[in-house]
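**Q** Got a structure for you, questions after.
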Amino acid sequence: MEKKDLEKFKEALLESRKEFLSKLKNAQSKISDSFDENGGDEIDAASQTSEKEVFFELTANDKITVDAIDNALVKIEQGNYGRCECCGEYISIERLKVIPWGRYCIKCQEEAERPRL
Ligand SMILES: [Zn+2]
């Protein structure tokens with residue numbers, strides 16, 4: 001990959017990282033806000049619990065994405081960004097433009113997502 005492309009992806013990754021981290025921060029402060037508001041009521045507590053679970057699920061996904069972004073940034077530093085972690089082939093630029101932190105080429109990704117029979 002050319003250096004100028006690499007720089008572009010690095011910028012995009014850092015930008016997305018910031019976005020995901022602020023999203024995580026917002027979600028976390030929302031969780032503690034709604035938790036603080038009304039403590040005593042049992043019915044409310046139950047609905048709060050499911051609300052919290054949804055938030056935790058959302059933030060769990062975001063955390064995975066932030067991890068993947070960190071991983072991609074390390075790979076840029078190491079000079080092996082853009083290679084599939086499974087087969088070692090280059091991931092297409094078009095694919096990286098959509099998901100700059102993608103770890104696998106389209107072939108391996110499809111293989112992983114195919115339902116096992
Ligand atoms: Zn692959």
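The values are calculated or read from the model by the stated rules, or taken from the named source; none is laboratory data. The model shown is predicted, which means the values in this text are computed figures rather than measured ones. When we count neighbours, we look across all protein chains shown, and the Cβ atoms used for this are built from the backbone with ideal geometry, even at glycine. These area figures cover heavy atoms from the full protein model, side chains too; ligands, DNA and RNA do not enter into them. Shrake-Rupley method; radii C 1.70, N 1.55, O 1.52, S 1.80 Å.
**Q** Restricting to the range 61-89, and then to whatever is open to solvent by less than 50 Å² (accessible area, probe 1.4 Å) and near the ligand (Cβ under 10 Å from one of its atoms), can you tell me which residue is farthest from the chain's Cα centre (by Cα)?
**A** This residue is 88.
**Q** What's the number of the condition residue 92 fails, among (1) more than 15 Å from the ligand (Cβ to nearest atom); (2) over 30 Å from residue 27 (Cα atoms); (3) small (Gly, Ala, Ser)?
**A** (1)
**Q** Could I ask something else about it? Inside the range 90-117, can you point out the residues that are in a loop (DSSP other than H, G, I, E, B) and closer than 17 Å to residue 71 by Cα?
**A** 91, 99, 100, 101, 102, 103, 104, 105
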